[in-house]
1. What FRET efficiency, computed as 1/(1 + (r/R0)^6) with R0 = 35 Å and r the Cβ-Cβ distance, is obtained for residue A:309 and residue A:392, rounded to the nearest 0.05?
2. So what is the relative contact order of chain A, in percent, for Cα pairs below 8 Å that sit 6 or more residues apart?
3. Return the Cα extents of the protein assembly as shown along principal axes one, two and three, sorted largest first, each rounded to a whole Å.
4. Below 8 Å between Cα atoms, with a sequence gap of 6+, how large is the relative contact order for segment B:22-165 in percent?
5. So how strong a dipole does chain A carry about its Cα centre when Lys and Arg Cβ are +1 and Asp and Glu Cβ are -1, to the nearest 20 debye?
6. Quick check: the angle from helix B:216-242's long axis to the longest principal axis of chain B, C-alpha only, nearest 10 degrees?
7. Count neighbours as other Cβ atoms within 10 Å of each site's Cβ, and list the GluC sites (Glu not before Pro) in segment A:81-169 that are DSSP loop with at most 10 such neighbours.
8. In Å, what Kirkwood hydrodynamic radius results for segment B:22-165 from the alpha-carbon pair distances?
Amino acid sequence: MKAGAAGLPRWCWALLLAPALAAAAPRVPASGAEVLEVLPWRNDPQQREVRELRASLSQAPLDLGRATGVARRYIELGRREADPRYFGYAQAALSPWWNNPAPPAAVRLLRASLLQTEHRFPEALADLDAVTSAEPGNAQAWLTRATVETVRADYPAATRSCARLSSLADEMITTACIANVGAMTGRLHASEALLATTYKRGAGGDAAVDAWVLGSLAEMAARRGDAANARARFRQALALAPGDSYLLAAYADFLLEQRRHDAVLALLAPHLRVDGLLLRHTLALAGAGDRERLAPELAELGARFEAGERRGDGVHLREQARFELQLRGDAARAVGLAQRNWTSQKELADARVLLEAAVAARQPAAARPVLDWMKTSGVEDPALARLAQQLAGQTKGAKG
Amino acid sequence: MKRIWCLFCLLLAVALPASAHKPSDSYLSLQAAQGTAPLQGRWDIALRDLDYAIGLDADGDGQITWDELRRRHADIAAYALARLRIARGGQPCTLSAGSQLVDSHTDGAYTVLPFTAACPAAGALEFDYRLFADLDPQHKGLVSVEEGGAARTLVLGSGQPHARLAEGAGQGFLDFVEHGIWHIWIGYDHILFLLSLLLPAVLVWREHAWQAVAAPRAALIDVLRIVTAFTLAHSITLSLAALGVIALPSRWVESAIALSVLLAALNNLRPITHGRRWIAAFGFGLIHGFGFASVLGDLGLQKGALAASLVGFNLGVEIGQLAIVAAFLPLAWLARRSWFYRRVMMLGGSCLIMLVAAIWLGERVFDLRLLPV
């Protein structure tokens, strides 16, 4: 017979959580002037622009140029605000073509971008494949393709896609593309040096591109253990792109590693609507031993993951595995989540959470896919190497 | 530079969901009564989504006040209910809105729209959900239907707007009964444990040897005691574990179950408990209950239907167990005087059970894989 997972089963967690969820009850507000919701848009020029474009699209919903324009604006907004509702609005603009097996290339590229936000990587790659064969000169398509291939750990394909970029995009973007693959395949130092040199030469153009390159450089420095350089680059990147949720998450992880919990709390306090940032804020509270503020945030996080689970999408698996492992101490459940996550995406953070969970649950066999990946990719990362060593010790201990 | 900026946003969109907000969901719960009585519904819809669809922020200051919201209550009800169809037994239900309240979910404020669904017929429920399908195809409706103590859930949206829930209050309950029976049927360790205790029920240990019992009454009472004690014990621990009062690591539980099989079979070779096997059945039954609970946990309990699934699963286990007893006891009674039963079945069988149990124990303690089951 099959042995069940150790620790509390999922529904038990739901029961424990029920009181926290039940605390909110339907009510009639006491006063008519009570503000119930603050809307995130209105006064923002970008919002106003997209509203006007949407109005013009509604006059001619089949106008390809207007539709892709609206979709692109919404994807930008979704990216900036880390808010998936905008991706739904973008999809709505593309709805006349959405279910078409072979829509025009411009729609197909945007559809690929939206599919990957839902972690539907194979479908996204199929679209990108079609766009790059139809339009080999489409730089956007090659860069997006390289990024998805890197997430899927298909490094030879990613390298080929970056190579196609070199004649189509500027030097810094091409170099960043190649360096991000190289940093995963045993060429961390050389990739960082190359990217740093290119950055010095080409910085000062688009702030968003500079921030992206600086963020990559900061993460590479952090992996090498060069904390001073990593911190400086993170801060520079955030100065160029304040409120960028990807950068904030990466910087917070770096600070958590340094056990600078107060710095994390200050950094993330204005961004707790974003699930991944709330997770790191809660980790900092746990690290700082602030039990009083920890309890409500734990309940809130649990409720958000439960809502995601009810919805049935798997985009939060990496964060949820971390939540189970580091905040709830349910290593067995974390292993299951991290394993499911690893079948979908294979970035450093995905590898790390599976190894950590496997160590904590004493299930070295569960980590096998990551250990194999580490061998074949040749990735250099001291934290991963340390965890792999611990797992090897456990395997030996179990045999001896 | 514009070209690169766009390129760049698309690229970074890949990394986004790792730290995203909650996407747009509505929460639709429905309480179904028996027969054709109206269904009671509650539909929570985010104010942000309603504002995007029909505009709630009358003064355009980026804030939605209670006054602004309640002026639009009738429009909200009309907009939402026009995009939801419920049918029962193939006949469309008439939806009518009640007066709205406000609630908070993890991503902000929601209007709470109570409604009743008057259905002309009884039968299976059907849903057709189109809310925001044209504005945000990624929007989902998280539907939960409570009927006769069992709650079932659906996720509807533009990808799958239509769903049908099969009829019957006991549907979820019966599923769990079936799971319980199935678990006993494929749970060889429970079957072997029960058989080890039942094998000597038609015998009595006298002068250092097993002799056939004369009266069927004695054998029946013995079986009754064992089965009752085992049932009582595993029901206690199954409930405690399922309610989250106690949680034990599954490897210990599985190892202890293997040990219990081993000891029960050993007792047939060298009786220690002398006709008080029901005590062993009770003691070890406590451990088997934890084993059942881990299976039940893996099945995933329906929230709000905990009691029904717990009782259903346990009932299934008892049915499976009684089937084994009913198949075994008449044969054992008829064969009890034979040399075959007393030597081959009783002693040989117990030895075999011990061997299998010992291998299980080794597997589970050292986390190995030796047997195919």
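Coordinate-derived values only; no laboratory data. Keep in mind that this is a model prediction, so the values were computed, not measured. Positions of Cβ are generated from backbone atoms using ideal geometry, with glycine treated the same way; all protein chains shown enter the neighbour counts.
1. Working: r = 33 Å, r/R0 = 0.95.
Computed FRET efficiency for residue A:309 and residue A:392: 0.55.
2. Details: 422 pairs, mean separation 47.8, N = 400.
Once normalised by length, the contact order is 12 percent.
3. For the protein assembly as shown, the Cα spread along each principal axis is 99, 68, 53 Å.
4. Details: 291 pairs, mean separation 43.3, N = 144.
Across segment B:22-165, relative contact order equals 30 percent.
5. Values: 50 positive and 44 negative charges, 162 e Å.
I would put it at about 780 debye.
6. Helix B:216-242 sits roughly 30 degrees off the main axis of chain B.
7. Details: sites: A:81, A:118, A:123, A:149; in loops: A:118.
Those that pass, being in a loop and sparsely packed, number zero.
8. Details: mean 1/r = 0.0641 Å⁻¹.
In segment B:22-165 this quantity evaluates to 15.6 Å.
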